[in-house]
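Here the structure is laid out as structure tokens; the discussion comes afterwards.
Quick note: the coordinates plus some simple rules give every number you see, no bench work behind them. Please read all numbers here as calculations on a predicted model, not as lab measurements. Ideal geometry is used to build each Cβ from the backbone, glycine not excepted, and the neighbour counts take in all protein chains shown.
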Amino acid sequence: MIGRTWHGRVPAKKADAYHKYLLRTGLSDYAATPGNRGVFVLRRDDGDVTHFLLLTLWESLDAIRAFAGEAYDRARYYPEDDDYLLEREPFVVHYDVLAASGVKE
């Protein structure tokens, strides 16, 4: 299994709206992609900025490519992201998952 992390920062006043937007866009697309084994959405407020860290779990690099395309190490963005994000981080990070509990089989 492979873990894929993405990080984004939004103004704190837009954090709730951004979370709802994530549910409609990226999280929905993750769930619809064969080979996705789950997603964790982590949120941390830091003054006027809110950080979002998404950890998605995938059965293979082929499954990740089905979601992200051939350049699977690049972050995938949606048209309205610029309405929320303070910047677009260009890359994601992948990890080999050595243990996971409560993950879809």
Evaluate E = 1/(1 + (r/R0)^6) for residue 97 and residue 45, where r is the Cβ-Cβ distance and R0 equals 25 Å; express this FRET efficiency to the nearest 0.05.
-> 0.35
Once phi is turned into ³J(HN,Hα) by the Karplus curve 6.51 cos²θ - 1.76 cosθ + 1.60 with θ = phi - 60°, what whole-Hz value does each residue of the range 30-44 show in order, with x for glycine and proline?
-> 4, 4, 7, 8, x, x, 6, 10, x, 8, 10, 10, 10, 9, 9
When the Karplus curve 6.51 cos²θ - 1.76 cosθ + 1.60 is applied with θ = phi - 60°, which whole-Hz ³J(HN,Hα) does each residue of the range 58-64 get, with x for Gly and Pro?
-> 9, 7, 6, 5, 4, 5, 5
How much length, in nm to one decimal, is gained on full extension between residue 82 and residue 20, taken as 0.36 nm per residue of separation minus their Cα-Cα distance?
-> 20.8 nm
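Would you kindly give the portion of the calculated P(r) for the chain that falls above 24 Å, as a percent of all Cα pairs?
Values: 1166 of 5460 pairs.
Result for the distance tail: 21 percent.
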